[in-house]
Amino acid sequence: MLCSGIFLAALDQTVVVTVLPRIIDDLEGGFSSAAVERAGWIVTAYLLGFTVVLPVMGRVADLHGHRRTYNLALLIFAAGSVLCAVSGSLYMLVGFRTIQAIGGGAVVPIAMAVVGSTFPAGKRALALGVIGAAGEAGGVLGPIYGSVVGQYLGWRAIFYLNIPLVLAIIWLVRRYVDKSKRVDVKVDYRSAILLALGLGLMTLAISGAREAGWSEFGLPLLVAGLALLAAFVLSDLRAAHPLVEVQLFRIRSYTSANISHFLLGIALITALTQVPTFAYSSGWPQTSYNAPMIGGLLLIRLTLMIPLGAIAGGILTEKTDGRFIAALGFLLSAIGLWRTSQWAIDVSGARQTVDLLITGFGFGFVIAPIGLAVIESVKKRRLASASSVLTASRILGMTVGLAALNSWGIGVFQASQASDPAPLPRLGVSFSQYIDELRVWEHHNVDVILGVLSDFFAIAAVICLIAIVPSLFLFRRKQRPDSA
């Protein structure tokens, strides 16, 4: 029952990616590089909301009980969905997506904590694999679901349809999930505010520095964000009931798991956002009307393998060294992403399918060993909080990766347009000659976009190779005294 809420939250993540062209056209009145850059915040705001609320919701779950907090999170998610559906501007949608993320971001660590407190040590890896599969399964149906709904009912219907689904899940959870024992802890809201402000300012600095200026805008915000994060660390170390318990990072396996998850987030968000962009760009302008459907059909080849990889990784982690499973998963993703970076505009569908299947399976393969490393590194009373930090590390990687890569990519595209502006009608040039010039210019722009996408995928492949290093420091699967 708990996995159904995870599935729904993940579904909305992928759905928004595939309908972004429609949202931009509706709320911005047409495409432009500035509109595309602003629309990136629709995804970034959701990821940032996930990140800043996860540690708080983990502590609230420890304090008030897992089932009660889980249902509260779903109600917040539903309220945010309604507000997103009625948004009248891009800025409103970005703000309401943050509210939606507050609810959606809490369901994963709560479910992981339930696994840690109810499953025996020998069965946790498989259960974590199932949770990971449920979360990633939303990505499997998300592209096609979003493309169909967006194509025929409009993008607003995607958010409206969340309401009956949330109500059904709450009913099922109340009926079939038992209440958990409450833990006598306190929530450090001061540290929570410092963490939220610090991460928010850093993300804003990375995303907006290119347009507003690095020295005037980006650098001051980045320095302020780092200062607030430093204040958060000091506050958390001195708190009687720390929000994140920074001292947990002294545990090698816990630190390695969070670093691996952070790097996974960068690579994953690159694939989720840029694969549909490739489908749209390589077929433009013929694909402009069917952009959600075409992007969704291509992306589903990647997301289809993530839940299968998560289950396979969970089974194998029970039988062998989890470090080897995680390293193998990152290696597979690196191979798939590198092959994807070599796509030409006329790449065959068979080549796309093979490359995306490899990438998606590798992404799923690392979920269970990383989750198990955290679950078996902490005591039961800290399971929800530790699990929320693990999820936050991945979402933070997605947030930073999306902000940095999009800012750089849009900057490259705008520089290309500045050096090669669109041709204009002029004396001495016939209409047919002007059309030919315009087509050459359009093809040049497509080549620039595809070149940027190739760089994105290559960078993501290198990130996966780097992630192999911390994954090798995950402990061998064995029973620890404080998690027995």
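Only the coordinates and a few stated rules stand behind these numbers; no lab work does. Given the structure is predicted, the values throughout are model-derived calculations rather than measurements. When we count neighbours, we look across all protein chains shown, and the Cβ atoms used for this are built from the backbone with ideal geometry, even at glycine.
Take peptides 161-172, 190-201 and line them up by average Cβ neighbours within 10 Å, highest first, as a rough protection proxy.
The packing order, highest mean first, is 190-201, 161-172.
Please turn the phi angles of region 85-96 into ³J(HN,Hα) values with the Karplus equation 6.51 cos²θ - 1.76 cosθ + 1.60 (θ = phi - 60°), one per residue in order, whole Hz, x for glycine and proline.
Here the 3J(HN,Hα) series is 5, 9, 4, x, 8, 5, 5, 4, 4, 4, x, 6 Hz.
Listed highest first by mean packing, meaning other Cβ atoms within 10 Å per residue, what order do 254-266, 357-369, 14-26 come in?
357-369, 254-266, 14-26
In nm, what is the difference between 0.36 nm times the number of residues separating Ala227 and Gln247 and their Cα-Cα distance?
Full extension from Ala227 to Gln247 adds 5.3 nm.
Provide Met398, Met305, Met92 in ascending order of the number of other Cβ atoms located within 10 Å of each residue's Cβ, fewest first.
Final ranking by Cβ density, sparse to dense: Met92, Met305, Met398.
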